[in-house]
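Right, one structure below, let's go through it.
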Amino acid sequence: MSTIQFDWDEANLNHSVLHQVSPTDAEEVIRNRPCDLESQLRNGEERMVQIGETDKGEIVCVVTTTVGSKVRVITAWPAKERLRRYFLSQKRNGNVGRAKKQDLRE
């Protein structure tokens, strides 16, 4: 399994922290099988809006783009109630969220 690498600088670090989401939490969401909500084209850059959960079970929205082979988090924020309910319904169906070790294939 390949490791996801992230592209962080002062601008995107500050933007996520402004919304009370740490870089570690944003990275965990991306690694924990997030649910794709929307794809956007902004300033010639494709951005993906996703919702997922941290290792602590907090549900967070994250906007990312790809820079070379790295994932760049544009911003992240705690999900509102309606999106939390949507994510949890998708998780109950087994489509998204943290996978249990026994569910992973070698």
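Observations on the structure shown:
- 3J(HN,Hα) from dihedral phi, the range 58-66, Karplus parametrisation 6.51/-1.76/1.60, rounded to Hz, x for glycine, proline: 6, 9, 9, 8, 9, 10, 10, 9, 10
- Among Gly94, Gly52, Gly44, residue whose mean-square fluctuation peaks in a GNM of the chain (springs only between Cα atoms under 10 Å): Gly44
- Sum of -39500 (n - 2.57) over DSSP H runs of 4+, divided by residues of the chain (222 nm, nearest 500): -8500 deg cm²/dmol
- Relative contact order of the chain, defined on C-alpha pairs under 8 angstrom at six or more residues apart (%): 28
- Using all pairs of distinct alpha-carbon atoms, the Kirkwood hydrodynamic radius of the range 10-91 works out to 12.7 angstrom.
- Cβ-based charge dipole, the range 10-91, positive-most Cα from Pro34, Thr75, Leu13: Pro34
Readers should treat all values here as calculations from the given coordinates under stated rules, not as data from a laboratory. Computed from a predicted model, the values in this text were never measured in an experiment. Neighbour counts are summed over all protein chains in view; Cβ atoms, including those assigned to glycine, are modelled from backbone coordinates with ideal geometry.
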